[in-house]
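I have placed the structure first, in the form of structure tokens, so that the comments after it can refer back to it.
The values are calculated or read from the model by the stated rules, or taken from the named source; none is laboratory data. Since the structure is predicted, the reported quantities are computational estimates derived from the model, not experimental observations. All Cβ positions, glycine included, derive from the backbone under ideal geometry; neighbour counts span all protein chains shown. Accessible surface is based on the protein model in full, side chains and every heavy atom, while ligands, DNA and RNA are left aside. Shrake-Rupley method; radii C 1.70, N 1.55, O 1.52, S 1.80 Å.
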Amino acid sequence: MKILKFGGTSVGSAERMKAVASLIQNDEPKIVVLSAMSGTTNALVQIAEKLHQNMNQEARALIDALHDKYKQVAEELYSSPAKKKQAEELLINHFEYIRSFTLDLFTIHEERAVLAQGELLSTALFQFYLEEQNLPSVLLPALNFMKIDENEEPDTEYIAKNLRSELEQHTGNKLFITQGYICRNAFGEVDNLKRGGSDYSASLIGAAADAEEIQIWTDIDGMHNNDPRIVKNTYPIAELSFDEAAELAYFGAKILHPSSVYPAKQKDIPVRLLNTMQPEAKGTIITSQSKGGSIKAVAAKDDITAIKIKSGRMLLAYGFLRSVFEVFERYKTPIDMITTSEVAVSLTIDNSKFLDEIVRELKEFGQVEVDQEQTIICVVGDFIAERSGSGLKIFEALQYIPLRMISYGGSKNNISLLINTTDKVEALTRLNDGIFERNTANA
Ligand code: ASP
Ligand code: MG
């Protein structure tokens, strides 16, 4: 069994959906996981915002506009009047449901139900298309098996058990279609795996089904060595290890949802990143092995806040770091980078929601300095201790850029540097020119 996940742009129009249908036409057993059509989840978020603000008139206008867009898609997607009619009715059902929220109380629960409509629509429309093309397939409702627990973590046992029983009801079928992103929560309500979560769905489904491979199909030919939106001459990395991919995904490579690496790694299932627009391109394969060159890629993560706590008196004492960490724990704020000296500790966070509260509590330990608009540059590769010289290359490339923090040795895969966001473009460009040996990295 293979899992093939197609992102929003890959199913973003009638034409793209047809292309996906032809890509999946072979005899290999597979589960196809779809995102919402591109732009849909954003539109649903906007609709929910209006509803939260009681701006029902505006919400209704947005709902109508989205409905019109889907009518157009259905018009282009099907050729038979029967399927057009079926799709028209489907759209009426979903959009009347969304419209019903303009008449009643709107809370976070209703919002989640609204956000789920994008994936429900894309998969239903796609299934109709396969039916019209006489391609036997089964639509598996993700809400029957995808589940998160009280801590918003996937309930992997439940998922495996329920996915298996769904599949068993259709033995003999080879092609299954299901929704990414959506799930039920601990209370059985409709919920989701957070923005970009369809990759995570695919990986969880892959792990639950003991798949032989998880394919993530997007609109770029794999994970690149640098951010192609910022830097010219980037190239896809042929092979990455799970750990390298996780670091890159977490530190800014938009192609893959960071959480999606873990379930695949747990079950040692290869993850392949492929391009719908260029299906013959090799893309990137992510496995348990790390091959090809010591420096593989760089990624950047913005909106970082650096916090320095200076306390000559307390830093030497054991238990000091624990007290500092406890402050962050109380505010459920993860720490990304950390460096220490004899008199100070610096750390970074990317969620500054409780910054004021955190700073107030930290002031009890000493002097606190806060720097905002920082960027973490993360250099990823295989930096085992014997391999020297990577540091020199990186620092040489960045010699004119002020470095606020450096973190090396936390793992063998990552060197992180904190810079001002205003220096990001220059840093990424200089690193691109200075640290990669394309041939070895791509070997
Ligand atoms: N449709 C959801 C989003 O836009 C999930 C996904 O596409 O991965 O965030
Ligand atoms: Mg995505």
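Pairs of alpha-carbon atoms within less than 8 angstrom and 6+ residues apart define the contacts here; what relative contact order does the stretch 309-414 have, in percent? Before the final figure, lay out the partial values.
Details: 95 pairs, mean separation 30.2, N = 106.
Taking the mean separation of contacting Cα pairs over the length of the stretch 309-414, I get 28 percent.
For a quick protection proxy, order the peptides 258-264, 430-436 by their average other-Cβ count within 10 Å, most packed first.
Values: 258-264: 22.3, 430-436: 19.4.
Packing proxy ranking, top to bottom: 258-264, 430-436.
Take every Cα pair under 8 Å in the stretch 29-145 that's 6+ residues apart, average their separations, divide by the length, and report that relative contact order as a whole percent.
Values: 78 pairs, mean separation 42.3, N = 117.
Relative contact order comes out at 36 percent.
Largest accessible area first, the listed residues Tyr200, Tyr158 line up as Tyr158, Tyr200 when surface is computed with a 1.4 Å probe on the assembled protein chains.
Normalised radius of gyration (Cα atoms, divided by 2.2 N^0.38 Å) for the chain: 1.07. Whenever you get a sec, compute what percent of the accessible area on the chain sits on carbon and sulfur atoms (1.4 Å probe). Result for the chain: 49 percent of the exposed heavy-atom area is carbon or sulfur.
For the chain, what is the calculated [θ] at 222 nm in deg cm²/dmol (nearest 500), taking -39500 (n - 2.57) for each run of four or more DSSP H residues and dividing by its residue count?
On the way: 16 runs with 174 residues, N = 443.
Mean residue ellipticity, 222 nm, calculated: -12000 deg cm²/dmol.
With every protein chain left in place, what is the accessible area of Lys174 in Å² (1.4 Å probe, nearest 10)? Surface open to solvent at Lys174 totals about 100 Å². Surface exposure of the chain, expressed per residue as accessible area with a 1.4 Å probe, stands at 47 Å². In this structure, the residue pairs whose Cα-Cα separation is over 18 Å, taken from Lys50/Lys254; Lys30/Lys83; Lys30/Lys174; Lys232/Lys282, are Lys50/Lys254; Lys30/Lys83; Lys232/Lys282.
Pairs of Cα atoms nearer than 8 Å and 6+ residues apart set the relative contact order; for the chain it is 14 percent.
Taking a ≥ b ≥ c as the square roots of the Cα gyration tensor eigenvalues, with a/c under 1.5 meaning rounded and otherwise prolate when a/b beats b/c, else oblate, which class fits the stretch 18-169? Before the final figure, lay out the partial values.
Details: a/c = 2.43, a/b = 1.19, b/c = 2.05.
Oblate, since a/c reaches 1.5 and b/c is not below a/b.
Does the stretch 193-272 classify as rounded, prolate or oblate by the C-alpha gyration tensor (a ≥ b ≥ c root eigenvalues; a/c under 1.5 gives rounded; else a/b over b/c gives prolate, otherwise oblate)? Before the final figure, lay out each step's value.
Values: a/c = 2.04, a/b = 1.70, b/c = 1.20.
Cα axes put the stretch 193-272 in the prolate bin.
State the antiparallel share, in %, of DSSP beta bridges confined to the chain, rounding to the nearest 5.
So the antiparallel bridges in the chain amount to around 60 percent.
Think of the chain as a dipole: +1 on every Lys or Arg Cβ, -1 on every Asp or Glu Cβ, centred on the Cα centre; then among Leu355, Leu240, Tyr331, Leu240 lies furthest on the positive end. Ignoring aspartates and glutamates fewer than eight residues from Lys71 along the same chain, the ones with Cα atoms less than 12 angstrom from its Cα are Glu88, Glu89.
His52 sits with roughly 90 Å² accessible to a 1.4 Å probe, with DNA, RNA and ligands left out of the calculation. Rolling a 1.4 Å probe across all protein chains gives Phe106 an accessible area of roughly 30 Å². Were the residues from Ser388 through Arg322 laid out at 0.36 nm apart, the gain over their Cα-Cα distance would be 20.5 nm. If you look at the Cα atoms of the stretch 326-443, you get an Rg and a Dmax of 16.4, 52 Å.
Please identify the GluC sites (Glu not before Pro) of the stretch 221-280 that satisfy two criteria: DSSP loop assignment and at most 13 other Cβ atoms within 10 Å. Which are they? Walk me through the numbers before you get to the answer.
Values: sites: Glu239, Glu244, Glu247, Glu280; in loops: Glu280.
In loop regions of the stretch 221-280 (DSSP not H, G, I, E or B), the sparsely surrounded GluC sites (Glu not before Pro) are Glu280.
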